[in-house]
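Engineer: Have a look at this one before I ask anything.
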Amino acid sequence: MKALQVPEFSTYEEEAAFWDNLDTADFMEDDGEWFRFETNQAVRVAILPEIAEELIKKARAQGVSIETLVNIVLVEHVKESVDHVD
C-alpha cells in the first residue's frame, strides 16, 4: 500500500482537482480496507452570493485572494470578541 501524500493547495479548485483525480485503489490495505488519514485542511463554508461578490471586489482591490481576506476578517472579529470579553 502506498502512503498518501496530500499536498498544500493554494485554491479550492486545485484541491478539488486533486481529490477528483485521485485513484484510491493504490491506497487500499491488503485486506481490502480503505486507507485512513487525517489532515489539517481548512474548513469550507458557504457564503451568500451577494456577500461573496463584495468580498471578491474587496480582495481584488487589496491584491489578495478571497480566502485570505475572509481569514483576516474572521481573525480580527474573533480577536475583537476575545478582547471585549476580557
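Engineer: Looking at the range 53-77, which of the residues that are of a type in the set (Val, Ile, Thr) and part of a helix (DSSP H, G or I) is nearest to GLU13 (Cα to Cα)?
Structural biologist: Applying the filter and picking the extreme gives ILE66.
Engineer: So PHE9 passes all but one of these: (1) assigned to a loop (DSSP other than H, G, I, E, B); (2) at pLDDT below 80; (3) aromatic (Phe, Trp, Tyr). Which condition number does it fail?
Structural biologist: Going through the list (1) assigned to a loop (DSSP other than H, G, I, E, B); (2) at pLDDT below 80; (3) aromatic (Phe, Trp, Tyr), PHE9 breaks only (2).
Engineer: Let me ask you something else. Name the single residue that is farthest from LEU74 (Cα to Cα) among those in the range 12-52 being modelled with pLDDT under 80, among the hydrophobic types (A, V, I, L, M, F, W, C) and not in a helix (DSSP H, G or I).
Structural biologist: In this case the residue turns out to be MET28.
The values are calculated or read from the model by the stated rules, or taken from the named source; none is laboratory data. Since the model is a prediction, treat every value here as computed from it, not as a measurement.
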